[in-house]
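Engineer: One structure, pasted below without further comment.
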Amino acid sequence: MQSSRFSKNSLFLEQHSPARRKILWMGAAGLSAAVLAGNKVFAAGKDQSASLAMIGDPQTLDPMLTTADLVGTIMQHVYEPLYTFDAKWNVVPMLAVALPVISDDGKVFEIALREGVNFHNGQKMTAEDVVASLDRWSKISPRGKAVAKEIAEIKIISPSKIAIHLNNRYAPLLAQLAFSSSMAAIMPKSTIAAQLTQFIGTGPYKLKERRPDQYTILDRFDSYSARTEAPSGYGGRRTAVIKELRFVPVPDSNTRVEGALSGQFAYADLLPVESVKRVERGGASVVPIITKNFGFPYLVFNTKEGTLQSQPMRQAAQTAMGTEELLAAAFGDPRFFIVEPNFFPKGTPYYSDAGAGHYNNNDPKKAAELAKKAGYANKPIRILASRQYEFHYNIAMVLVEQFKRAGLATDLQVVDWATLLQRRNDAKLWDIYITHSGLFPEPMLSPPQLGSGAPGWWESPEKAATIKAFNDAVDLNKRGPLWGAVQKVVYDQVPFVELGKFNSLSARSSKLQNFVPGAWPFFWNATLA
């Protein structure tokens, strides 16, 4: 089975300007005194500690339970999957010995497991732990539930080998098992429960302490069982050089900028792009990180209940939208966004312009006509957005104006990110929510609405048929062209709207070295000068 990758897209790119200008930090507005008091930025010697500013507090530490990137970013240090991605987005083994042995009909994957791998509680990983973990993933994870429909059974062949039996050929299986978001994390069978009370994995760090809204602290796992291959992306050897990682919730984006400039944080995640010049001129102590083709912002539509339940109303809303205006509002600097209808860039196996006629219409008159035909009764479209991702909020503000021009009433609800993640699970509470995703080489990895059960609850015969044909094709030469049919159905039925692509801005202290930027930032192998 081939693993697809972006042939012209490097996952990791770090840029910085040598221009220097001293910035004095005037305070940390938005951070509580308790956070600052407990926030060790750097500690020397064996007790090195790095303080890492994140966009908010994780609503859970369960790596399976949510597709939220924040949870995956933190807990990928604690838990590990059977497979992961290297620097070129190839699937590579992590807790598995090697890539699986696949039967001739493509329906059976035999996976040999690494022996002698230590859990944080001192137990050794066995096939029983792996099968129990995958069973839990298939029942509670949004991604796992979708994959479970493709799996007939998972068998234990020996204490160090399992076999996954599929109902049909399913090309994305290994990529799904490798994904950090809503992770197929391997945990001890003895700790498995519907709601985890122990967060025990095999990763280079173990959970030390969590104080909600203050910090999550991970400590080096001295008995970690590392791979021997050279590090590459998320694959290969992982070494916990820094003893302690402190993930600090800093919802205010400007506070993250000031904290990065002052040296308060070893790393500051997802800064507003309008701050790029300040960071570039921030002096030798701060290094801006621009990650190319980081992802895409998108709007999820509620197809289950509410004003946009009907396809004609979703089409009216789509017609009212001007994606170029929305992206410009979100990112400002043209260096940070690309306006194009294709979900995947040119030069990749999944490039297609199918459905492009529905993209970036910005046609309020036609949208009003479509809404009238759909029986629109001036009921407000409820839009969920969060200011913790400032570009989400900027998109929402312009979207309200675009809908207003088309005669569509709105109810913009600005909430913190944790509340948005909670509310989106209730179909009675919203019509659109604004989010974003990393741009990955396997289409079935994101958005989760391409699977089943994710908020938005999109199901249709056309979706089922096109995605089944796409997933049955293991050969990339055949699979690539089939993506266009899926993309067309998305544009026609409007379960979500991809706005375009964007690059991200983060920053690190110059003292944080050997850090490799990625979609989910990781801090194993990084060092503190």
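Engineer: What does the extension gain come out to for Val101 and Ser460, with contour length at 0.36 nm per residue minus their alpha carbon separation? Don't jump to the answer; show the numbers that get you there.
Structural biologist: Details: separation 359, 0.36 × 359 = 129.24 nm, distance 3.41 nm.
Computed gain between Val101 and Ser460 is 125.8 nm.
Engineer: Just how many % of Cα pairs in the stretch 348-391 lie over 16 Å apart, if you round to the nearest whole percent?
Structural biologist: When all Cα pairs of the stretch 348-391 are counted, 66 percent exceed 16 Å.
Engineer: Return the FRET efficiency for the residue pair Leu429, Ile192: r is the Cβ-Cβ distance, R0 is 22 Å, and the value is rounded to the nearest 0.05.
Structural biologist: Values: r = 31 Å, r/R0 = 1.40.
About 0.10, to the nearest 0.05.
Engineer: Ile381's amide H: which non-local residues (gap 5+, or another chain) put their own amide H closer than 5 Å, with H modeled 1.01 Å from N in plane and none for Pro or chain starts?
Structural biologist: When sequence neighbours closer than 5 places are left aside, the close amide H contacts are Ala409, Thr410, Asp411.
Engineer: Still on this model: Working out 0.36 nm times the residue gap between Gln309 and Glu369, then minus their Cα-Cα distance, what length gain in nm do you get to one decimal?
Structural biologist: Working: separation 60, 0.36 × 60 = 21.60 nm, distance 1.77 nm.
Here the answer is 19.8 nm.
Engineer: Would you calculate the separation in nanometres between label points at Lys478 and Arg237, each defined as 7 Å from the Cα along the Cα-to-beta-carbon direction?
Structural biologist: Here the answer is 4.1 nm between the modelled labels.
Engineer: Let me ask another. Which ³J(HN,Hα) values in Hz, rounded to whole numbers, follow from the phi angles of the stretch 75-81 under the Karplus curve 6.51 cos²θ - 1.76 cosθ + 1.60, where θ = phi - 60° and Gly and Pro get x?
Structural biologist: The phi angles translate into 7, 5, 7, 9, 10, 9, x Hz.
Engineer: Enumerate the amide H contacts of Ser285 below 5 Å, restricted to partners 5 or more residues apart or on another chain; note that Pro and chain-start residues carry no placed amide H.
Structural biologist: none
Engineer: Kindly list the residues of the stretch 121-143 that lie in the label zone of Thr228, defined by a backbone N under 12 Å from the point 7 Å along the Cα-to-C-beta vector.
Structural biologist: none
Engineer: Quick check on my link table: of Lys304/Lys428; Lys304/Lys488; Lys463/Lys488, which ones sit more than 18 Å apart, alpha carbon to alpha carbon? Numbers along the way, then the final one.
Structural biologist: Numbers: Lys304/Lys428 9 Å; Lys304/Lys488 21 Å; Lys463/Lys488 10 Å.
The pairs that break the limit, which is 18 Å between Cα atoms, are Lys304/Lys488.
Engineer: So, one more: Calculate log10 I(q)/I(0) of the stretch 191-255 for q = 0.26, 0.27, 0.30 Å⁻¹, where I(q) comes from the Debye formula with a single equal point scatterer on each Cα and nothing for solvent.
Structural biologist: At q = 0.26, 0.27, 0.30 Å⁻¹ the computed log10 ratios are -1.10, -1.13, -1.21.
Engineer: Amide H of Glu340 versus every other amide H placed in the peptide plane: which residues, excluding those fewer than 5 positions away on the same chain, fall under 5 Å?
Structural biologist: Residues meeting the criterion, in which the H sits 1.01 Å from N, are Lys501.
Engineer: Also, I was wondering about something else. Please report the projected area of the stretch 424-529's Cα convex hull averaged over all directions, in nm². Please list the in-between numbers first.
Structural biologist: Working: hull surface 38.7 nm².
Mean projected area of the Cα convex hull: 9.7 nm².
Engineer: If you don't mind, there's one more thing I want to ask. Before anything else, pin down the relative contact order of the chain: Cα pairs under 8 Å, at least 6 apart, normalised by residue count, whole percent. Don't jump to the answer; show the numbers that get you there.
Structural biologist: On the way: 1249 pairs, mean separation 116.8, N = 529.
Here the relative contact order equals 22 percent.
Engineer: From the phi of every residue in the stretch 115-131, what ³J(HN,Hα) in whole Hz does the Karplus formula 6.51 cos²θ - 1.76 cosθ + 1.60 yield, where θ is phi - 60° and glycine or proline is x?
Structural biologist: The phi angles translate into 9, x, 6, 8, 7, 5, 8, x, 6, 9, 6, 10, 4, 4, 5, 5, 5 Hz.
Engineer: While we're on this one: What is the distance, in nm, between label points placed 7 Å from the Cα along the Cα-to-Cβ direction at Leu61 and at Asn514?
Structural biologist: 2.6
Engineer: What is the projected area of the convex hull of the Cα atoms of the chain, averaged over all directions, in nm²?
Structural biologist: Working: hull surface 91.6 nm².
It is 22.9 nm².
Engineer: I've got another one for you. Residue by residue through the stretch 516-529, what is 3J(HN,Hα) from phi via Karplus (6.51 cos²θ - 1.76 cosθ + 1.60, θ = phi - 60°)? Round to whole Hz and write x for glycine and proline.
Structural biologist: Ordered by residue, 3J(HN,Hα) equals 10, x, x, 4, 10, x, 10, 10, 5, 6, 7, 10, 10, 5 Hz.
Engineer: Here is a follow-up. Taking Rh as the Kirkwood radius, which is the inverse of the mean 1/r over Cα pairs, what is the Rg/Rh value for the stretch 293-504? Before the final figure, lay out each step's value.
Structural biologist: Numbers: Rg = 16.3 Å, Rh = 17.3 Å.
Radius of gyration over Kirkwood radius for the stretch 293-504 works out to 0.94.
Where a number appears in this text, it was derived from the coordinates with a stated rule and is not lab data. Because the structure is predicted, anything quoted here is derived from the model rather than measured. Reconstructed Cβ throughout: ideal geometry from the backbone, glycine too, with neighbour counts over all protein chains shown.
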